[in-house]
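**Student:** Encoded as structure tokens, here's the structure I'll be asking about.
Any read-out appearing in this document is the output of simple, stated calculations on the displayed coordinates, not a laboratory observation. Here the structure is a predicted model, which is why all the values come from computation and not from measurement.
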Amino acid sequence: MLTNAKLLLPVERNETTPDLVAFAHAFAREYGINQFHLVHVLPINPPVSSLEPMLQATLPMSDAHVLSEESEVFLSGIAKDLHKAGLEVRQTLLFDWDVANALIRYANEMEIDLVVMGTHGRKGISRLLMGSVAEKVVREANCPVLTVRPNTHLVKPELIRQIVVPTDLSKHAKMAFKVARHLAARHGATIHLLHVVKEEGLPPFYDPYWSYNQDKEAMHSKIYPLLSKFTEEVQVPSARVDYVIRFGTPETEIADFAHQINADLIVIPTHGLTGLAHFLMGSVTEKVLRSSNIPVLTIKSFGKHLSPLLTTESYTEE
């Protein structure tokens with residue numbers, strides 16, 4: 001069990017922080033993570049020549065001194081409790097009008113192994129104006145991110161029994177499945193490998209004539225071998241894997257299925273697309289973050305993959 005892995009915990013000064021800290025602490029204890037990076041970002045330095053700060057909640061520079069002192073006291077209080085639990089804690093106060101960018105830079109520069117953070121699940125105009133720090137960190141950080149919605153039931157990490165792994169059967173999804181298998185083997189959990197057939201805009205590996213032959217039973221017979229092949233490509237460690245095929249909107253079906261089986265964790269891949277590619281293709285993963293009431297662990301097909309916490313094996317893309 002490694003003790004030199006690094007966990008980044010961004011915190012806000014609100015009523016949900018104690019629950020998030022407790023969850024992160026439990027996760028760290030379960031996986032032998034001894035080094036906590038406790039970070040709070042004050043968005044008080046908006047640039048002059050940028051429109052984006054107008055769409056974010058920034059704070060007056062005149063308040064910087066008072067806010068800094070209050071934030072240091074806030075961080076020290078959390079750090080003190082974690083120190084008592086025997087953890088090595090590094091507390092950092094950052095100043096940046098773009099909170100997500102500050103966290104991404106910190107995670108990459110400090111070679112963080114895992115980010116645990118809350119997500120507000122904003123939708124509609126609120127999300128448009130405020131953006132989502134968690135979604136941007138998930139998309140651009142070079143390590144896995146475990147997101148938690150506030151005011152939801154959080155199972156203790158050692159009691160994880162049901163893991164949902166959505167897959168689009170692409171090579172990008174393989175790494176998330178590898179990580180899920182290690183988690184399932186560790187906890188004796190069941191993996192529910194979920195593939196959602198989006199009934200519009202089907203990819204060619206289904207059936208180019210699907211629009212003329214919407215026979216769901218026939219689709220099942222086509223998809224099960226693909227799921228089986230996907231599973232066989234990651235044979236170790238041993239874990240129980242159930243195949244699930246649903247039809248509809250992926251992000252809705254994923255959240256509904258996880259709720260239906262009382263899942264403890266969703267492990268989902270993210271392709272890390274940015275800019276125009278992200279705008280055009282959208283992101284199922286980010287939509288799941290907004291709607292899921294259970295923790296969501298996002299894994300990229302590149303960068304760090306939690307291997308120090310799960311196994312001595314060094315993951316490489318096949």
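**Student:** Test of understanding: what is the full-extension gain from residue 66 to residue 95, defined as 0.36 nm times their sequence separation minus their Cα-Cα distance?
**Tutor:** 9.1 nm
**Student:** Which of the lysines could be linked to residue 222 by a straight reach, that is with a Cα gap under 20 Å, when you skip same-chain ones fewer than 8 residues away?
**Tutor:** Filter leaves 171, 174, 198.
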